[in-house]
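Heads up, the thing below is written out as structure tokens.
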Amino acid sequence: MALIQCDFYSEALGLSTSMNVILPQTTYSQIGMETQSHGNKHRTLLLLHGLSDDHTIWLRRTSIER
């Protein structure tokens, strides 16, 4: 698994902002993981934090990496 933090300027927001990206590692030995191959494509899940937190909330308050 790779965890990437990206800091960038958003033209839509008009300010600098950050985001975290979790890239999963292909595994066949972990319980509950299916062995289906999806080629080079990753399924995508976007998690938004709302107005009261920042881009790190999903990493800090959940087990999303697992």
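Miscellaneous remarks
- Within the range 56-66, considering residues that are open to solvent by less than 90 Å² (accessible area, probe 1.4 Å) and at pLDDT 85 or above, the one nearest to D7 (Cα to Cα): T56
- Of all the criteria given as (1) on the phi < 0 side of the Ramachandran plot; (2) at pLDDT 85 or above; (3) more than 19 Å from the chain's Cα centre (by Cα), the one not satisfied by T35 is (2).
- Of the residues making up the range 1-27, those that are more than 21 Å from I64 (Cβ to Cβ) and either of a type in the set (G, A, S) or modelled with pLDDT under 70 (or both) are S10, A12, G14, S16.
- Conditions (1) out of contact with any helix residue (DSSP H, G or I) (no Cβ under 7 Å at 6 or more places or on another chain); (2) surrounded by 10 or more Cβ atoms within 10 Å (Cβ to Cβ); (3) in a loop (DSSP other than H, G, I, E, B); (4) at pLDDT 75 or above: number failed by S52: (2)
- Residue under evaluation L45, criteria (1) open to solvent by less than 100 Å² (accessible area, probe 1.4 Å); (2) modelled with pLDDT of 75 or more, criterion not met: (1)
The values are calculated or read from the model by the stated rules, or taken from the named source; none is laboratory data. Note that the coordinates shown come from a computational prediction; the quantities given were computed from them, not determined experimentally. Cβ sites come from the backbone with ideal geometry, for glycine too, and all protein chains shown count toward neighbours. These accessible areas exclude ligands, DNA and RNA; they are computed on the full protein's heavy atoms, side chains included. Shrake-Rupley method; radii C 1.70, N 1.55, O 1.52, S 1.80 Å.
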